[in-house]
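Engineer: Below is one structure. I have some questions about it.
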Number of protein chains: 2
Amino acid sequence: MTASPPPQGTHPYNRSMSTRPTRTNRRTVYDELRRRVIGLDFGPGAPLSENELAAELGVSRTPVREALIMLAQDGLVQVFPKVGSFVSRVDAQRVSDAQFLREAVELASLDDIPADPDPEVVAELRANLAQQELAEDDLDQFFLLDEQFHHGLLRLAHHEGTWQSVVAAKAHLDRARRLGLHDRSLHDFTVQHTEVLDALLSGGAEEARPLMRAHLRAVFDDIERLRARSPELFAPSVGQPTRRNIAVWE
Amino acid sequence: MTASPPPQGTHPYNRSMSTRPTRTNRRTVYDELRRRVIGLDFGPGAPLSENELAAELGVSRTPVREALIMLAQDGLVQVFPKVGSFVSRVDAQRVSDAQFLREAVELASLDDIPADPDPEVVAELRANLAQQELAEDDLDQFFLLDEQFHHGLLRLAHHEGTWQSVVAAKAHLDRARRLGLHDRSLHDFTVQHTEVLDALLSGGAEEARPLMRAHLRAVFDDIERLRARSPELFAPSVGQPTRRNIAVWE
DNA sequence: CAGCAAGTGCTTGTATACAATAACTGTCTA
DNA sequence: TAGACAGTTATTGTATACAAGCACTTGCTG
């Protein structure tokens with residue numbers, strides 16, 4: 001009873017796997033809510049009612065609730081039992097940690113990119129950069145291309161499995177960036193991306209590392225500048241029960 | 001409707017937070033199942049029936065199901081819709097990526113440990129090492145102390161927020177280690193831990209880094225040796241629909 | 001008027017019933 | 001005997017009903 005035998009015969013692990021769409025409502029709701037949280041359609045601190053979301057999305061509470069549990073594990077939502085669910089505030093410490101993790105992983109991965117990288121992936125990265133230059137006005141499109149670019153670099157290093165952790169950290173960074181990223185041109189980032197790739201292909205990890213570090217730091221500096229300007233958007237690092245009233249919309 | 005206003009008055013974020021136990025059944029089940037998966041009470045590939053688990057644990061399907069969803073996000077469980085839920089096999093690529101992420105984060109964190117580290121945490125680490133020497137026969141106890149040790153190092157670097165990602169990666173490593181970690185004495189690891197801490201406190205990150213790298217590599221080498229010896233415990237990196245029959249227990 | 005207290009409405013947590021579907025099993029047929 | 005095929009069983013996905021608890025409201029009371 002406690003020790004169940006492994007599956008016999010055709011195990012799902014051995015079957016198609018590739019041709020398996022299996023789009024459950026839970027997954028659809030998860031993707032949608034995650035998009036709204038990162039895209040600031042749901043601002044930090046906003047309450048998320050399971051009943052309301054279920055009604056709006058045309059499903060029952062179950063898939064909504066399960067999606068919220070997944071988002072809570074991502075750190076994007078906080079669930080207070082018997083009280084309510086809320087979009088996580090932008091925690092300064094969490095943003096810092098996300099930046100730290102991303103920087104550590106992405107810089108280390110540069111060392112594992114072979115001297116003869118997969119030409120197919122390189123071509124994708126080139127095409128991606130070309131698109132970045134065209135999409136510098138569309139923040140959503142730019143973030144999408146940005147994700148694909150950094151994902152591609154990890155694929156070059158054969159560390160695609162770490163992408164999940166990186167993208168989870170990146171979610172918090174992007175949310176913070178989106179709060180006040182209007183005065184800086186996205187073109188700067190595209191230039192930095194191009195410099196990183198060029199240095200990598202010509203000089204290897206040695207030359208690419210300082211450029212990558214500068215790029216990731218530039219992203220982080222943007223967030224720090226925003227925090228200095230609008231500290232109220234960020235949650236206190238270790239919250240004493242402050243109980244000051246939050247500004248009320250409307 | 002789409003843009004809910006932020007909470008008014010006393011927001012849960014402003015309340016106790018510290019004195020909030022809130023142990024739901026979901027959390028209890030999650031902790032228990034995670035312990036069993038990592039502790040190999042549920043072997044890789046074992047089927048996990050929601051109904052069976054619910055009956056055994058004395059709860060309904062709901063908390064069990066939600067716990068499985070959380071475990072699936074950790075990569076420890078795979079859920080195939082309308083088919084079944086299974087403990088993830090030990091994927092070689094995933095173990096490699098987990099090792100890579102852990103190494104990148106922990107090595108980078110050494111640089112951020114101040115020259116005058118928190119004496120309280122240092123004392124905890126010393127006490128932890130003393131306990132390690134006493135617990136070298138109890139694998140469960142050793143893994144617990146090992147976690148606390150590496151967690152403490154991250155706390156010294158003020159990057160405690162990354163612990164969640166590290167412990168998620170460590171779960172896959174520990175599971176792999178547990179499969180065949182019997183021929184090597186745990187004492188070696190305790191010695192390595194001590195060397196890392198001593199070097200850190202006397203010579204800083206410069207001296208600690210190579211020792212930490214050696215330690216993490218030693219853990220990884222253990223796993224690689226196991227894979228060479230018992231490849232059937234590992235899932236194929238990119239699964240072609242192999243359909244070979246898995247060895248059947250009992 | 002201040003303070004307290006019961007009540008009310010909302011929230012999430014849990015249990016359960018039903019639906020959809022994949023996989024196995026037995027039977028029938030050529 | 002081999003294979004096709006339909007029925008059976010077990011699985012997860014979803015919807016819904018009920019339970020438990022917190023926070024706010026409202027009325028009472030001193």
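Engineer: Take the residues in region B:69-90 that are among the aliphatic types (A, V, I, L, M) and within 8 Å of chain A (Cβ to nearest Cβ); name whichever of them is farthest from residue B:175 (Cα to Cα). Don't jump to the end; show me each part of the working.
Structural biologist: Residues of region B:69-90 among the aliphatic types (A, V, I, L, M): B:69-72, B:76-77, B:79, B:83, B:87, B:90.
Checking the rest, the ones that are also within 8 Å of chain A (Cβ to nearest Cβ) come to B:69-70, B:83.
Numbers: B:69: 19, B:70: 18, B:83: 25 Å.
Restricting to residues being among the aliphatic types (A, V, I, L, M) and within 8 Å of chain A (Cβ to nearest Cβ), the top hit is B:83.
Engineer: The conditions are (1) in contact with a helix residue (DSSP H, G or I) (Cβ under 7 Å, 6 or more places away or on another chain); (2) more than 16 Å from DNA strand D (Cβ to nearest atom); (3) outside any helix (DSSP H, G or I), and residue B:78 fails exactly one of them. Which is it?
Structural biologist: It fails just one condition, (2).
Engineer: Could you check residue A:127 against (1) modelled with pLDDT of 90 or more; (2) open to solvent by less than 10 Å² (accessible area, probe 1.4 Å) and say which number it fails?
Structural biologist: Here residue A:127 clears every test but (2).
Engineer: Go over the candidates B:90, B:83 one by one and state the one that is within 13 Å of DNA strand C (Cβ to nearest atom) and modelled with pLDDT under 95. If you could, list the steps in order and put the result at the bottom.
Structural biologist: Numbers: B:90 fails: within 13 Å of DNA strand C (Cβ to nearest atom).
Selected residue: B:83, the only one of B:90, B:83 that is within 13 Å of DNA strand C (Cβ to nearest atom) and modelled with pLDDT under 95.
Engineer: Go through region B:93-124 and give me each residue that's in a helix (DSSP H, G or I), away from chain A (no Cβ under 13 Å) and open to solvent by 70 Å² or more (accessible area, probe 1.4 Å). Don't jump to the end; show me each part of the working.
Structural biologist: So in region B:93-124, the residues in a helix (DSSP H, G or I) come out as B:93-111, B:119-124.
From what's left, away from chain A (no Cβ under 13 Å): B:119-124.
Of everything in region B:93-124, those that are in a helix (DSSP H, G or I), away from chain A (no Cβ under 13 Å) and open to solvent by 70 Å² or more (accessible area, probe 1.4 Å) turn out to be B:119, B:120, B:124.
Engineer: Look through B:66, B:56, B:50 and report the one residue that is among the acidic types (Asp, Glu) and more than 8 Å from chain A (Cβ to nearest Cβ).
Structural biologist: Numbers: B:66 fails: more than 8 Å from chain A (Cβ to nearest Cβ); B:56 fails: more than 8 Å from chain A (Cβ to nearest Cβ).
When all the criteria are applied, what remains is B:50.
Engineer: Out of all the residues in region B:43-51, is one or more assigned to a helix (DSSP H, G or I), within 16 Å of DNA strand C (Cβ to nearest atom) and not acidic (Asp, Glu)?
Structural biologist: Let us first name the residues in region B:43-51 that are assigned to a helix (DSSP H, G or I), namely B:50-51.
Subset that is within 16 Å of DNA strand C (Cβ to nearest atom): B:50-51.
Among the residues that remain, those that are also not acidic (Asp, Glu) are: B:51.
Yes.
Engineer: Just checking, which of B:171, B:130 is of a type in the set (A, V, I, L, M) and under 29 Å from residue A:173 (Cβ atoms)?
Structural biologist: Details: B:130 fails: under 29 Å from residue A:173 (Cβ atoms).
Checking each option against the conditions leaves just B:171.
Engineer: Do we have any residue at all in region B:143-163 that's open to solvent by 30 Å² or more (accessible area, probe 1.4 Å), within 14 Å of another protein chain (Cβ to nearest Cβ) and out of contact with any helix residue (DSSP H, G or I) (no Cβ under 6 Å at 6 or more places or on another chain)?
Structural biologist: yes
Engineer: Could you pull out the residue among A:83, A:87, A:95 that is more than 23 Å from residue B:167 (Cα to Cα) and more than 16 Å from DNA strand D (Cβ to nearest atom)?
Structural biologist: A:87
Engineer: Consider residue A:75 carefully, then state whether it is in contact with a strand residue (DSSP E or B) (Cβ under 9 Å, 6 or more places away or on another chain), in contact (Cβ under 8 Å) with a residue 40 or more places away in the chain and within 14 Å of DNA strand C (Cβ to nearest atom).
Structural biologist: no
Engineer: Since residue A:58 meets every condition but one in (1) among the small types (Gly, Ala, Ser); (2) within 16 Å of DNA strand D (Cβ to nearest atom); (3) open to solvent by less than 10 Å² (accessible area, probe 1.4 Å), which condition does it not meet?
Structural biologist: (3)
The values are calculated or read from the model by the stated rules, or taken from the named source; none is laboratory data. Just so it is clear, the model here is predicted, and its values are computed rather than measured. Note: ideal-geometry Cβ built from the backbone for every residue, glycine included; neighbour counts use all protein chains shown. Accessible surface is based on the protein model in full, side chains and every heavy atom, while ligands, DNA and RNA are left aside. Shrake-Rupley method; radii C 1.70, N 1.55, O 1.52, S 1.80 Å.
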